[in-house]
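Chemist: Structure incoming, see below.
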Amino acid sequence: MSRLVRLFALACVFALSAAVPAAADDPYTVRNIHVDASAVSASEALNLAISQGRPRAWQTVFRRLTRQTDWAKQPQLDDLNIQRLIRSYTVANERKSTTRYTADVTYIFNQDQVRRLLKNTGVGYTDTVAKRILIIPMAPGYNRMSAWNVAWNNPKLLNGTVPLVMPVGDAQDQVALSKLNFEKATWKSVLTLAQRAQSNEVALLLLEGGKVRIHHLSSTPISGEAITDIPVAGGLGAATASVQNALEDYWKMRAAVDFSKRLRQTVTARFDSLSDWLSLLGAFNTVPTVVSVDVVAMNTGEARIGVTYAGGLDAVQDALGRAKVTLSQDSGVWSVRTGAPMPTSPATSPQ
């Protein structure tokens, strides 16, 4: 083996073991966890308060990323292991005395550490940015001034894990809104409304007695039932919260990746230099659905690598493209190189 190839192999080991720093951004940032603790000294009260907030922050992150049906699978971690998942924290509204400490704490989790934990435990999750859903409250038709519609004008509801947007409701919208029938609505019925809202999915929300019926419409076929009934109780505020949770869980159900089901694809990597090779490996390391990359064979300027991943290979392809790396297929042979992808027809994931 030549000296250059040995250098490439050593660089491979280094790159695969190195973690890429995570960005301090939602959904891995948990804000405004209120803590309040007392102890024999100011420093002990501070440490106790911060430690009390960590489990709540961890639960918040886990529930953001996973489906409600998987919440019981949350890894039960001790304080030391939760600390290892957290990059840093900041405090606001801090108040302290010689024996007591209170504050609102923001915990910033290390996304790579959290992803690794969820992959290893086999819990399906998604941390991709959800596209907005246009919601149309109906009771039984749409009325901009109805209590059901007004109840949705709440930033906490509209700016959740899945961003929701409401119709403009002006004269142009009214043409389509006045004709809507909950049971018979099709994508064509809401197309103009969705285009104005810059959304490719619509949820009609029919308030009916003690339940809200959700009719999902999309520009592309949707997996799962198109109409879902959500039982609600406790007034409009409770109803909106229940529906928001249902919409978020429905999106997670479709977007979450099941890491207990893994596929492997052999890919030919082509590169011009050591830095080029490291860039390729580093790009794979940033893809959340890639479980591992191993070198099968290597020569100067080319290597065959085995990529183990969960979900679809198209998701890996898209993520690499954002890192300016092209994963492409030609006559059934997959290859990867640095450089932004050229506009081509979507590749098909292997079965």
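The values are calculated or read from the model by the stated rules, or taken from the named source; none is laboratory data. Since we're looking at a predicted model, the values are computed, not measured. Neighbour counts are summed over all protein chains in view; Cβ atoms, including those assigned to glycine, are modelled from backbone coordinates with ideal geometry. Keep in mind that these areas ignore ligands, DNA and RNA; they rest on the heavy atoms of the full protein, side chains included. Shrake-Rupley method; radii C 1.70, N 1.55, O 1.52, S 1.80 Å.
Chemist: Taking 41 Å as R0, compute the FRET efficiency from the Cβ-Cβ separation of N200 and R100 and round it to 0.05.
Modeler: E(calc), rounded to 0.05, equals 0.20.
Chemist: Over the Cα atoms of segment 212-330, compute the convex hull volume and normalise it per residue, giving Å³.
Modeler: 146
Chemist: Where Lys and Arg each count +1 and Asp and Glu each count -1, what net charge lies around L206 among other residues with Cβ under 11 Å from its Cβ?
Modeler: The answer is -1.
Chemist: log10 I(q)/I(0), Debye, Cα-only segment 73-166, no solvent, q = 0.16, 0.19 Å⁻¹?
Modeler: -0.91, -0.99
Chemist: What's the ranking of 67-74, 100-107 by average number of surrounding C-beta atoms within 10 Å, highest first?
Modeler: The densest-packed peptide leads the list: 100-107, 67-74.
Chemist: Next question, about the same structure. Where Lys and Arg each count +1 and Asp and Glu each count -1, what net charge lies around A241 among other residues with Cβ under 15 Å from its Cβ?
Modeler: Charge balance in the 15 Å sphere: +1.
Chemist: Still on this structure, I have one more. At 0.36 nm per residue, and after removing the present C-alpha to C-alpha distance, how many nm does the segment from M253 to S51 gain when stretched out fully?
Modeler: 69.5 nm
Chemist: Can I ask one more? Please compute the per residue accessible area over the chain with all protein chains in place, 1.4 Å probe, rounded to a whole number of Å².
Modeler: For the chain, the solvent-accessible area averages 52 Å² per residue.
Chemist: Counting only complete DSSP H runs, which helices of the chain cover 18 Å or more along their long axis at the Cα atoms and score a mean Kyte-Doolittle of -1.0 or above?
Modeler: Qualifying helices, which must be both long enough and hydrophobic enough, are 3-17, 42-65, 235-255.
Chemist: Give me the extension gain from R304 to L263: residue separation times 0.36 nm, minus the current Cα-Cα distance, reported in nm with one decimal.
Modeler: Fully extending the segment from R304 to L263 adds 13.1 nm.
Chemist: Follow-up question, since we're still on this one. Show me the ranking of peptides 212-218, 193-199 by mean Cβ neighbours inside 10 Å, starting with the highest.
Modeler: Sorting 212-218, 193-199 by mean packing, highest first, produces 212-218, 193-199.
Chemist: When only C-alpha pairs under 8 Å and at least 6 residues apart count, what is the relative contact order of the chain, in percent?
Modeler: Relative contact order of the chain: 15 percent.
Chemist: Right, another one. Carbon and sulfur: what percent of segment 99-235's accessible surface (1.4 Å probe)?
Modeler: So the carbon and sulfur contribution to the accessible surface is 52 percent.
Chemist: Work the Kirkwood hydrodynamic radius out for segment 253-305: mean of 1/r over every pair of different alpha-carbon atoms, inverted, in Å.
Modeler: The answer is 12.6 Å.
Chemist: OK, next. Please tell me the relative contact order of segment 256-335 in percent, rounded to the nearest whole number, where contacts are Cα pairs under 8 Å and at least six residues apart.
Modeler: Contact order relative to length: 37 percent.
Chemist: Less than 15 Å Cβ to Cβ from S189, Lys/Arg counted +1 and Asp/Glu -1: what total charge do the surrounding residues give?
Modeler: For residues surrounding S189, the net value is +1.
Chemist: Considering the Cα trace of the chain, what is its radius of gyration and what is Dmax, both in angstroms?
Modeler: Rg, Dmax (Cα atoms, Å): 24.5, 76.
Chemist: I would also like to ask the following. So if I place +1 on the C-beta of Lys and Arg and -1 on the C-beta of Asp and Glu, and nothing else carries charge, what would the dipole magnitude of the chain be about its Cα centre? I want it in debye, nearest 20.
Modeler: It comes to approximately 200 debye.
Chemist: In nm, to one decimal, how far is the V129 label point from the V333 one, both placed 7 Å along Cα→Cβ?
Modeler: According to this spin-label approximation, the distance is 3.7 nm.
Chemist: Among the aspartates and glutamates, select those whose C-alpha is under 13 Å from the C-alpha of K96, and discard any that sit fewer than 8 residues away in the same chain.
Modeler: Of all the aspartates and glutamates, those that pass the test against K96 - Cα under 13 Å, at least 8 places apart if same chain - are D36, E44, D104.
Chemist: Here's something else I'd like to know. To the nearest 500 deg cm²/dmol, what mean residue ellipticity at 222 nm is calculated for the chain from DSSP H runs of n ≥ 4 alone, each contributing -39,500 (n - 2.57), summed and divided by the residues?
Modeler: -11000 deg cm²/dmol
Chemist: Grab the beta carbon distance between T192 and S218, set R0 = 22 Å, and tell me the FRET efficiency rounded to 0.05.
Modeler: 0.90
Chemist: Using 0.36 nm times the number of residues separating D36 and D276, minus their current alpha carbon distance, what extension gain do you get?
Modeler: This chain segment gains 81.3 nm when fully extended.
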